[in-house]
Amino acid sequence: MLKIDNIKTYYGNIMALKGVSIEISEGEIITLIGANGAGKSTTLMSICGIVPPRSGEIRFMGKAIHTMKPDRIVSLGISQVPEGRRIFPYLTVTENLDMGAFLRNDRENIKRDMDYIFELFPILAERRHQSGGTLSGGEQQMLAISRALMAKPRLLLLDEPSLGLAPLIVKQIFEIIRKVNEEQRTTIFLVEQNANLALKVAHRGYVMENGRITIADKAQSLLANEDVKKAYLGL
Ligand code: ATP
């Protein structure tokens, strides 16, 4: 579904991605783990066209997307939930969700999808008329994920969904990630510093260090890998 082939991405003269290749098949949950500053967010921003790669290729469903503008990439079926849950604080929960469906015009299905979101996150249903900015951090993360889902993406990109949230909320969010993948067949690319959780939910994983992929394997194998254990699992 997504093929990232040897991309190099820069901020000015600084090379943040030094030849990254990643492949994601339809229906998979893939995680990208690594330390602060390794280049995980830059990888997501390269896919979305926000910080396009200077060389290499990215193909989505066979189409080259590395030269496309972000809005065109979204319209092909890729939605991103950026780090730091950037929701619209002055819009209500329902209005935030409507914004996610901005590019769609199938009214009937939009209504059905909103009902599905409210089933996934009953707390958002309770707070549907409340403005986004008044929600707790965990609820805002739920809203950010839900807003991205309202676009009906084929590929959902999640940047550090666990960041700064209480363990119980994180557990809930990861259960939903698994559920959406199973029930909606949404393919998921999950960037996480919480390697333990991410590898437990993912099918396969990539380890990134200093702008390069250093290990790629099945999630189960990465959980048992001695180097990964020492560097990322605190074991
Ligand atoms: P984190 O978990 O802290 O977000 P990360 O793995 O996502 O880390 P990136 O944010 O992709 O890492 O950063 C990769 C490298 O690019 C780092 O060296 C970082 O300092 C640099 N970088 C990121 N954003 C910018 C920017 N806007 N301008 C210049 N350098 C940047």
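The values are calculated or read from the model by the stated rules, or taken from the named source; none is laboratory data. Since we're looking at a predicted model, the values are computed, not measured. Neighbour counts run over all protein chains shown; Cβ positions are idealised from the backbone, glycine included.
Restricting attention to region 179-235, the residues that are on the phi > 0 side of the Ramachandran plot and among the polar types (S, T, N, Q) add up to 1. Could you tell me whether any residue of region 86-93 is within 30 Å of Leu233 (Cβ to Cβ) and within 13 Å of the ligand (Cβ to nearest atom)? So far as region 86-93 goes, no, none of its residues is within 30 Å of Leu233 (Cβ to Cβ) and within 13 Å of the ligand (Cβ to nearest atom).
One residue stands out among those in region 1-12 that are surrounded by fewer than 21 Cβ atoms within 10 Å (Cβ to Cβ) and in contact (Cβ under 8 Å) with a residue 24 or more places away in the chain: the one that is nearest to the ligand (Cβ to nearest atom), which is Tyr11. Taking region 83-114 only, how many residues are assigned to a helix (DSSP H, G or I) and out of contact with any helix residue (DSSP H, G or I) (no Cβ under 9 Å at 6 or more places or on another chain)? So the count comes out to 5. Scanning region 156-193 for residues that are touching a Ser or Thr at 6+ places or on another chain (Cβ under 6 Å) and β-branched (Val, Ile, Thr), we see that the one that is nearest to Ser21 (Cα to Cα) is Val180. Within the set Lys152, Lys179, the sole residue that is surrounded by fewer than 16 Cβ atoms within 10 Å (Cβ to Cβ) and touching a residue at least 40 places away in the same chain (Cβ under 8 Å) turns out to be Lys179. Evaluation of Arg54 against the conditions (1) among the charged types (D, E, K, R); (2) closer than 16 Å to Phe189 by Cα; (3) within 16 Å of the ligand (Cβ to nearest atom) shows that the sole unmet condition is (2). On the stretch given as region 13-33, residues that are within 13 Å of the ligand (Cβ to nearest atom) and either modelled with pLDDT under 95 or outside any strand (DSSP E or B) (or both) total 1.
Within region 59-74, one or more residues are more than 16 Å from the ligand (Cβ to nearest atom), in contact with a helix residue (DSSP H, G or I) (Cβ under 7 Å, 6 or more places away or on another chain) and part of a loop (DSSP other than H, G, I, E, B).
The one condition from (1) under 20 Å from Asn13 (Cα atoms); (2) in a loop (DSSP other than H, G, I, E, B) that Thr43 does not meet is (2).
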